[in-house]
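One structure below.
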Amino acid sequence: MYDDRIQEWMATLECPPFKAPSKMKLIGWCNGVKVEMSYDSLRRITKFDSKSSNEYIYPSLKDLYHEPDKHPQWQNMLGYLFLPGTTHGKLFRKNLRMEAKLLLVLCTHNVIPRRGDKMEVRFQEVPILYMLMHGAPMVPFRFLVLHNIWLSQNSGERKILPHC
């Protein structure tokens, strides 16, 4: 699916400890050359992600991926994204408001790509959809890319597609 060089880089990926989210780096090897992906290297590609780092929020992986339903704004996010009375049990795409349905397609193909069933809305997609529709809080795209790649590399189920 991906170029051999990308697969080689993903297979050797490491994430050294970091103190601030903007200091996160992913380091791998390709053809014997050390290749680093960081905020600085992504800044050259994502020129739209140009605000200073203190203007963004950096949700924890727990908030974004592992326990998003315990987020303090969870009920507000569901109410903003879904049609009334449809937020119990599993979350389905057919119950999203029209704008959120369109943004979900963007999310599942570009922001936090995944494979498999596209009829269900994953918990980790709810905060991202809310941020895209509401315009706040702002999360840097570079943060999402780095975390998506790191999580996809460490995912045992291999259901997350990496940004490459």
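Please treat every number below as a calculation from the coordinates, not as lab data. Nothing here was measured: the structure is a model prediction, and the numbers come from that model. Cβ: placed from backbone, ideal geometry, glycine included. Neighbour counts: every protein chain shown.
Annotation: for a label point projected 7 angstrom from Cα along Cα→Cβ of LEU102, residues of region 131-146 with backbone N closer than 15 Å are 132-135.
Taking a point 7 Å out from the Cα of ASP4 in the direction of its Cβ, the residues of region 19-47 whose backbone N falls within less than 11 Å of it are 31.
Note on TYR80 and MET119: their simple-model spin labels are 2.9 nm apart, each label 7 Å out from Cα toward Cβ.
For region 90-129, the dipole from Cβ point charges (+1 on Lys and Arg, -1 on Asp and Glu) about the Cα centre works out to 120 debye, to the nearest 20.
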